[in-house]
Amino acid sequence: MFVTFFIVILYIVPKTTDLKNLSQRAAAKQSELEVGRQQVAAIRTATQLIKAARADMDTLGVAIPDKEKAEEALQQLSANASSSEITIKSVTAGTGQAETGQSGALTITVSVSGDFSNTIAFIGNLEKNLRPVKVVDYSIVASGVGALTDTTFNLSFPYLVSSDEVAGGQNGQ
């Protein structure tokens with residue numbers, strides 16, 4: 001009996017204690033694993049939000065660019081003319097000061113030719129343009145044949161000017 005008691009105390013009790021310790025460590029590791037999974041899910045969500053924010057920033061960069069970006073403005077005009085089924089005859093571009101004084105403006109004069117209703121559709125497309133466009137003035141000349149018109153638009157595309165450029169422009173005046 002003494003030998004049995006001695007075996008239980010020396011071998012079984014420590015093994016039971018080891019099992020309890022291992023069980024507690026396994027539970028702790030399981031908890032760490034769950035926290036890690038939650039962190040991975042949070043990182044994935046943050047990554048998706050960052051991608052969406054970058055896409056929004058790209059869209060905003062097109063809508064209100066930080067430079068003239070004449071090529072984008074001309075591309076938008078070309079797309080609008082194409083969807084309105086009018087023909088661009090000539091384009092000239094320049095820069096100027098927008099009315100706010102805090103932004104610049106790309107000025108574009110575009111001459112188009114096409115059906116009067118398509119010219120009106122072109123103006124409607126300009127209103128829906130992603131980048132704001134101000135129609136400064138326009139001139140319509142009807143040819144008298146099938147309601148065809150030659151129209152010249154003076155357009156203003158604003159863009160942001162950095163504070164350094166604004167300060168430099170004021171100091172230079």
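The values are calculated or read from the model by the stated rules, or taken from the named source; none is laboratory data. Not measured: the values here are computed from a predicted model. Quick reminder, even Gly has a Cβ in these numbers, built from the backbone with ideal geometry, and neighbours come from all protein chains shown.
Got at least one residue in the range 17-37 being in contact with a Leu (Cβ under 8 Å, 6 or more places away or on another chain) and in a helix (DSSP H, G or I)? No - not one qualifying residue is present in the range 17-37.
Being at pLDDT 90 or above and within 24 Å of the chain's Cα centre (by Cα): is that true of Ser83 here?
yes
Of these, Val112, Val141, Val136, which one is in contact (Cβ under 8 Å) with a residue 24 or more places away in the chain, in a strand (DSSP E or B) and in contact with an Asp or Glu (Cβ under 9 Å, 6 or more places away or on another chain)? Among Val112, Val141, Val136, only Val112 is in contact (Cβ under 8 Å) with a residue 24 or more places away in the chain, in a strand (DSSP E or B) and in contact with an Asp or Glu (Cβ under 9 Å, 6 or more places away or on another chain).
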